[in-house]
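Participant: My structure is below; once you've seen it, I'll send some questions.
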């Protein structure tokens, strides 16, 4: 059989046969599981959605009352500061603003705009004057979000409020059902966003190939759907046939995979071998004090070069995560960092190395223990190894809080990498109890362009400072960008090509040895003046 493997026609037949067999087996098994266990799981899932929906809409109503009873003049600096303090204490809101005569005037995140902006057309209005926008474009970004308003106030609901609850088995809609009206409007989920309909009674049923469950509670309703196949009256003969067929196909697939591995190693296998033989390398990009140019840290960046080919991290990191190799890869990076930089760290107590870790690392107790042993063996203090996690890693809030606490108790500082790409809530960061944020390069690139995103930067930095978070700005590539951030109060650190591209450990050691003497920082501006500058640039 192996002598045919290099022939195109044989490969084509193998692909077709395996694809067809896999599709048939997967379809049958998946639909059988849905039919046998769907009822109870769907009920639990819909109750979880309702619990979250009531929390979201209750918080929105409470904050609308708070905004409308603000003790400060409309859109004054004091009121905007008051709104920011209130916003930080919320969990499911992204912004809260002030409106008047159909115009948007100011908000906690946006600040006070130069000219009022007209509001979008609402989807639903209640007899009490409440306006509901199911998916409205935001003034502060190109994204959209649900908005609820009444009187002179509106609140922007977090579009990701239900993201951690998504289940591949279901599609769902979360509907807002305000008091005083029988209609609902779809606000979250993957079904019927913006659709206005009469409130559906609680019901469970099946329509053709769809099993559904509708449920309502207080001010919220949910609809959960699952697709299933038509079943024969008696499943026992099919079960036996598919069991035998599945075993036959499984054996054939195993033989084929063996042949494939002999002839053409997969990327997963190549990566596994590269990790096992220490063929991955690490480069270091400096992080500097923006005002003085003094290096304060470096980020460790893993590289894979093999047989003249450079494989990008955004290609092999997902492969490592999917294949269960990411823990080994992270420890491989840490081993290389300690080999390269232990002496540097011991000689420079104020210098640290940032290492990216995955969600699998964060939740793995063995990882923290293995890290501690390596640091102890190298004689490196844990506070000199900063761990960077992504916003996606913290979707499981309860588990993330516990894992972060465990790592911080060992002396590590924790940073949220690429902050802003997920439009994160600083209140959520407060719950996670991290040490700092790295502002995403997309914000840096807007400096000097007049983009609305620039106006958000001082707000992010100011609110992060209030809550004692360290700040690193990514993607600084021009002197103008450096000068903008150097003028900020509070101080921030910077990372980008202007200060140095990823380089070898020797380059970092040379940089530290020839670090520039402290120079006077440029004249600093307060956040209010910077906010004005960001609008006029």
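Since every read-out is calculated from the coordinates, none of them should be taken as a lab result. As the structure is a prediction and not an experimental result, all values here were calculated from the model. Here the Cβ positions follow ideal geometry from the backbone for every residue, glycine too, while neighbour counts run over all protein chains shown.
Participant: What is the packing order of peptides 169-180, 335-346, 110-121, taking the mean over residues of other C-beta atoms within 10 Å and listing the highest first?
Facilitator: Descending packing order for the listed peptides: 169-180, 335-346, 110-121.
Participant: By counting other Cβ atoms within 10 Å of each Cβ, how are 54, 185 ranked from fewest to most?
Facilitator: 54, 185
Participant: Would you mind putting 458-465, 314-321 in packing order, based on average other-beta-carbon counts within 10 Å, highest first?
Facilitator: 458-465, 314-321
Participant: Right, here's the next one. Order of 221, 106 from fewest to most other C-beta atoms within 10 Å?
Facilitator: Ordered from fewest to most neighbouring Cβ atoms within 10 Å, 221, 106 come out as 106, 221.
Participant: Multiply the residue gap between residue 76 and residue 51 by 0.36 nm, knock off their C-alpha separation, and tell me the result in nm, one decimal place.
Facilitator: Fully extending the segment from residue 76 to residue 51 adds 5.4 nm.
Participant: For residue 392 and residue 503, compute 0.36 nm times the residue count separating them, minus their Cα-Cα distance, and round to one decimal in nm.
Facilitator: Value of the extension gain: 37.2 nm.
Participant: If I model a spin label at residue 346 and residue 322 as a point 7 Å from the Cα along the Cα→Cβ vector, what separation in nanometres do I get?
Facilitator: Roughly 4.2 nm, to one decimal.
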